[in-house]
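Below: the structure, in C-alpha cells.
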Amino acid sequence: MLQAHGLACVRGDRRLFSGVDLAVAPGQWLQVEGANGAGKTSLLRILAGLSPAADGRIEWEGRPVTDVRDDFHARLLYLGHAPAIKDDLSALENLQSAAAVGGRPLDEATALTALRRIGLKGREDLPSRVLSQGQKRRVALARLLCGQARLWVLDEPFVALDVGAVDMLCGILDEHIGRGGMLIFTSHQAVQLQGNGARLELTK
Amino acid sequence: MNAFVAILRRDLLLAMRRKSEMLTALFFFMIVVSLFPLGIGPETALLRRIAPGVLWVAALLAAMLSLNRLFAADHQDGTLEQMALSPTPLALLVSGKVLAHWLTAGLPLVLLAPVLGLQFDLSSRALGILMLSLLLGTPLLSLIGAIGAALTLGVRGGGVLLSLLVLPLYIPALIFGAGAVEADMAGLGAGGHLSLLGALLALGLFFAPWATTAALRIALE
Amino acid sequence: MSQPLINWFKFASPASFYPLAGKMWPWFAALATAFAAAGLWISFFVAPTDFQQGEGYRIIFIHVPASWMSMFIYCVMAFWSAIGIGFNTRLSGMMSSALAPTGALFAFLSLWTGALWGKPMWGAWWVWDARLTSELILLFLYLGYIALTAAIDDPRRADKAGAIVSLVGVINVPIIYFSVKWWNTLHQGASVSMTKAPTMAATMLWGMLLMALAFWMYSIAVALYRVRAIILERERHATWVAELLEMQR
C-alpha cells in the first residue's frame, strides 16, 4: 500500500501543488488529472522516488519510503514520458536489457511472448529506429507484461496509441488490478477501468 | 552484479552499432599527434623529447571528446530514470557504464599510441612504458570525466563547460603519465610515476562512481 | 535537550540570516580597512628595503596573502558544500556561491602580482614555478565552479552541482599541488623557487600578517554582502521579502 500525506512540489519559483494526500491499496487504481503544467508528471516522479518532494511524506507498506527504498524499487514499475527505448537496439534487445538493468533478467521466450501480445509480432528484431511512435510506446508497455511489480506508476500510458491498443492496454491494467496490483497513472483521456478506483484532480 | 554486466553489455552493443563515433575519436587522436611534427619540424631529437607529452595530451583530448555521450542519450530517452529506479545501486550501474566507456574510448587509444609513438622515433622500451602509463591513466580519465559528464547533463553549453571542469582535474594524470615515459627515457626509472598513477586510479575507482551518482541524482530531480 | 547558548540552526534560514549579515558586514569592512591601512603602512614605510631585491619585493605583501586567501577560500567553499550536502541547508549553497568570485579574484591577484614580481626578479613575466602553476590550476577550478553554477537555471540544482564540484576539487587540490611539485623537480631547468626568501625580517612578517588579516576581513565582508543579494534574489517570492520591501518604502 502506498500512502502520501501533504505532498508539495516547487519548480523554480513556482509552487505547483501542495497538500496532496493520496492512498492506493492493493486492487486499487488512481488516475491523476489536471491541466497542462499542473504537476502531474512531477507528482508521479515524486511518488516513484526520482525527485524529492518540497514537503510531505510518502509511505510504502506503512513505512517511510526512504527507509525501504530498495524494497520499494524492487516492487515498482515506472514508465515515464520518455519511453527509455534505444533506437539502435531491437524491440527484443530493448526489452531484455531494460529488464536486466532493472534487476529482473528476462529469458527470450517470455520477452517474445510479451512483444507478440502487445502487438509487435514480426517486428521483434527490427531496430527500434524504424518503428513508429506508437510502436515504440508498445515496446515500453511490453515491460508491464514481464515483471512482477506490485505498483505501476505510468505517465500518460495511452499517448500515441491507436484505438485497438488503448483497449488492449485497458485490459492489461484491469488484469493487474484484478490480481491485487496497484496502479497510479495520468491521462487526458476518460479511461474506464474496472475495480476500485479514484481520481485525483491537481489544482493549485 | 547481473545488472552491472547487463549495462556493460548493452553499452558495448550500442557502441558497436555506432562504430563511427568511436572511430572519429581515434582519428582525432591520430590527427592531433601528427600535427605536432608539422608545426615544430622533423628534428628527431626534439620530437623524441616532446613525444610523451604530445601523445598524452592528445589522448586526454580524445578521451574527452566522447564524454558528452556518456550519459546524454540515457538522460534524453529516459533510460537514466530506469537506472535510478533499479534495485541495483546506481553507483554500480554507473561503474558499468564507465567501464564500457573506457573499453570503447580509452583502450583503443592505449593500443594505437605505440603506433603513433613510432612517428616520434621512440624506442621500443619507451613505447612499452607509454602503453603501460596509458593503460593505468585512461581508466582514470574515464572515471573523472564521468563526474563532469554527469554534472553538465542537460546544462546549456554543456560540452565546453565539461572541458573546463574536467581538464584541470586531468592534470595529475597527465603529469605522472607523461612523466613516467620521460623519466624512463632519462634513465631514472618509471616505477615511481607508475605507482603514483596506480594510486590515483585506486582513489578514482573508490570516489568517482559515488560523486557521479550524486551528480546524476541532481540532474534527475 | 539542554539549552544551547546560540541556536545555530536558527541562522541557517535565509530569512533570519539576512538581517544578521546586514548587521555584520559593515564591521568586517571597517576591520578590513583598518588592517589594510596598518599593513600597507608597515609594508611601504616600516619594512626595510631588501638588499638583494630592492624595492620590488614589496609586492609580496599583496602576493603572499592573496595566495593564502585563494586557497583558504576554496577550502571554506568545500566546507559549506559538505554542510549543504550533509544537512540540506539552503544557506550553505548561497555562501559557497557568494565566496567563489572573491576566491577567483584572489587567485587572479596572486598570479598577477606574481608576474609583476617575476619580471624584475627573473626577467620573465611567467616562470613554471610549482606554486604559480598550482595557483593557475586553482584559478581554473574556481572558473569551472562559477561557469557551472551560472549555466544551471534552477538555483537549488546549481547549488548542489556546485557542491559536488567544489568537493571533488578540494580532494584534488593537494594531489594537483604535489603532482606539480613533482613535475617541477623532475624538470630541473625551470626550478626557480619563490619561497626560499632569505631570513625574513620580523617587520616583513608583521606586514604580511596584517595584510592577510585585511584580506580575510574583506572576504568575509564581501561574502556577507553578496549573500544578502543572493538571498533577496532567491527568496523574492517569500512573504518576508515582501514585508521588508514594504518597510523600506
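Bear in mind these aren't lab numbers, they're just calculated from the coordinates by the rules spelled out. This structure is a prediction, so every number in the text was calculated from the model and none was measured. Glycine gets a Cβ as well: all are built from the backbone with ideal geometry, and neighbour counts include every protein chain shown.
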Quick note on C:CYS75, A:CYS146, A:CYS170, ordering by fewest other C-beta atoms within 10 Å, gives C:CYS75, A:CYS170, A:CYS146
Checking A:SER18, A:SER42, A:SER132 against a Gaussian network model of chain A (alpha-carbon springs below 10 Å), the top fluctuating residue turns out to be A:SER132
Using alpha carbon centers only, segment A:92-153 is separated from segment C:209-249 by a whole-angstrom value of 55
Sorted by chain and number, the residues with a modelled amide H under 5 Å from that of A:GLN28, at a separation of 5 or more or across chains, are A:LEU183
Exposed-loop cut sites defined as chymotrypsin sites (Phe, Trp or Tyr not before Pro) in DSSP loop states with at most 14 other Cβ within 10 angstrom; longest site-free run of chain C spans C:127-249
As a Kirkwood estimate from alpha-carbon pairs, chain C has a hydrodynamic radius in angstrom of 20.0
With the 8 Å Cα cutoff and a minimum separation of six or more residues, chain C has a relative contact order in percent of 35
For the table A:LYS121/B:LYS19; B:LYS19/B:LYS97; B:LYS19/C:LYS160; C:LYS160/C:LYS181; A:LYS136/C:LYS160; C:LYS23/C:LYS160, the rows whose alpha-carbon distance is greater than 24 Å are A:LYS121/B:LYS19; B:LYS19/C:LYS160; C:LYS160/C:LYS181; A:LYS136/C:LYS160; C:LYS23/C:LYS160
Note to self: C-alpha centroids of segment B:81-146 and segment B:1-70 sit apart, in Å, by 9
Taking a straight Cα-to-Cα line shorter than 14 Å from A:LYS86, and setting aside same-chain aspartates and glutamates fewer than 8 residues away, one finds A:GLU124, A:ASP125, B:ASP11, B:ASP74, B:ASP77, B:GLU81
Fewest-first ordering of B:LYS97, C:LYS119 by Cβ atoms within 10 Å yields C:LYS119, B:LYS97
One computes Rg over Rh for segment A:86-148 from alpha-carbon atoms, with the Kirkwood Rh, and obtains 0.92
Mean separation of Cα contacts under 8 Å (at least 6 apart) over the residue count of chain A, i.e. the relative contact order in percent, is 32
Checked against the positive end of the charge dipole of the protein assembly as shown (+1 on Cβ of Lys and Arg, -1 on Cβ of Asp and Glu, about the Cα centre), the farthest of C:SER92, A:LEU79, B:SER95 is C:SER92
Everything considered on the Cα gyration tensor (a ≥ b ≥ c; rounded for a/c under 1.5, else prolate if a/b is larger than b/c, else oblate), the protein assembly as shown must be described as oblate
Across A:84-92, the residue-averaged tally of Cβ atoms belonging to other chains within 10 Å stands at 4
Comparing C:LEU99, C:LEU116, C:LEU224 in a Gaussian network model of chain C (Cα, 10 Å), the one with the largest mean-square fluctuation is C:LEU116
Computed for the protein assembly as shown: size of charge dipole around the Cα centre, +1 on C-beta of each Lys and Arg, -1 on C-beta of each Asp and Glu, debye to nearest 20, value 220
